[in-house]
Each structure stands twice: as C-alpha cells, then as structure tokens.
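Heads up, the thing below is written out as structure tokens.
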C-alpha cells in the first residue's frame, strides 16, 4: 500500500486558518502524526500530514483529493501551496511523542 506525505502552506495564514485546515484534512484521512517502527506515534511538523486511506494510488490522485479541500477551507488571493510525495520509509529526529 503506498504511503504519502502532504505539506500545505497558507500565505498570511493565521492560527485559526491552520486549525480549520487540520480539521478538514483529518476528515479526509490526513493525519498530523506518524507511527514509528515500534508502534509509537509522533507529531509531525506544522501543516505536514501523512495521507492514510488506501484508495489513491499515486501522488496526483492524493493532490486532487487534498487541494480542493485546502482551497475551500482557507480561500486566499494567493492560493495555498500543496506538496505531495510518495514514500516507502521515513526517519526523523526531534518530533514530539504523542501520548
């Protein structure tokens, strides 16, 4: 099953914008946390998500699912930036353990 990371940038975004964004993206399966190989969960950096559902099979289909939600949730004169990448493994340092 492919795994995807999603990063969103809202130009001139406020805390309330990001809170609405987190809620909207969580509703379609974007998680703000990632599971380590030992089963523990870690908080991802702000506005970074792991896309969980197995339906999309490529980065384009994930982008096509995420981008309209972002645009509806935080409309701006300058469109929010959405970045999607597929990954097979990950490594990190300094992320906060989710309790």
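Each reported figure results from applying straightforward, stated rules to the coordinates on display, with no laboratory input. The structure displayed is predicted, hence computed values, not measured ones.
Relative to the longest principal axis of the Cα atoms of the chain, helix 59-73 runs at roughly 50 degrees. The length gained on full extension between residue 24 and residue 1, counted as 0.36 nm times the residue separation minus their Cα-Cα distance, comes to 5.9 nm.
How much length would be gained if the chain were fully extended between residue 78 and residue 98, taking 0.36 nm per residue of separation minus their Cα-Cα distance, in nm to one decimal?
On the way: separation 20, 0.36 × 20 = 7.20 nm, distance 3.33 nm.
Result: 3.9 nm gained on full extension.
Mind jotting down the distance between the C-alpha centroids of the range 1-23 and the range 65-84, whole Å? The range 65-84 and the range 1-23 have Cα centres separated by 9 Å. Normalising the Debye intensity of the range 5-99 to I(0), with uniform scatterers on Cα atoms only, and taking log10 at q = 0.12, 0.13, 0.22, 0.23 Å⁻¹ returns -0.38, -0.44, -1.18, -1.25.
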